């Protein structure tokens, strides 16, 4: 027996938080009856679960895929406007979903998996997983603005957000954050008057894409999976 939201995460439908939303929206049924409580417990081997009328199979085997996301590709499982998605780039037999999102025009490290528990922890600020980005700016960055980024800037959230900052050259900066707020890097720099002309995520936790060209992917090694899980207390 397990919670319905965990079942959906393991099946590769969505990460735990997104699975909760699907359930509350009345899109998930168990044995033909709509369920709106994410915490309801089901028999993963006997109960019939559907999402939007489509049957969901229990998939206890986890897969972990590292993708070097190219630009002009959506960090999503599907898209109503027929734009290319990251899931279309990989050929995993199991259903997988991206862990977090990179903007349509942002490239770099992206993890795809059907391990909902790991995905949830990797994205939660509590576990302080480093997300490293390199941004190319429209003009040279001022030293005072580097200090402001380190201390924290306002981007319309409840609290100021900060980053570890390393200046690569006058127009290129590396920023390390733990949160994953929507368009966070671009919003932080925009708050100081800079436009981001190109953005790449170079590292996510221990993961890097040094051996992968844009749109290429590979499975994680057992060691990488163990290190990722260990980093978030699993």
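Here, each number is a calculation from the coordinates, and none is a lab measurement. Keep in mind it's a predicted model, so treat the numbers as computed, not measured. Backbone-built Cβ (ideal geometry, glycine too); neighbour counts: all protein chains shown.
Counting neighbouring Cβ atoms within 10 Å and putting the fewest first, the residues 172, 57 line up as 57, 172.
So if R0 is 22 Å, what FRET efficiency would residue 221 and residue 117 give, r being the distance between their Cβ atoms, rounded to the nearest 0.05? Given R0 = 22 Å and the Cβ-Cβ separation, E is 0.65. Mean residue ellipticity at 222 nm, helices only, the chain: -6000 deg cm²/dmol; runs of at least 4 DSSP H residues each add -39,500 (n - 2.57), and the sum is divided by the number of residues. Considering segment 130-204, its Cα convex hull presents a mean projected area of 4.3 nm². Dividing the radius of gyration of the alpha carbons in the chain by their Kirkwood radius gives 1.01 for Rg/Rh. Multiplying the residue separation of residue 169 and residue 213 by 0.36 nm and subtracting their alpha-carbon distance yields 13.5 nm.
Using the average count of surrounding beta-carbon atoms within 10 Å as a protection proxy, the listed peptides 44-55, 76-87 rank, highest first, as 76-87, 44-55. Remark: 206, 141, 185 ranked as 206, 141, 185, counting other beta-carbon atoms within 10 Å and listing the fewest first.
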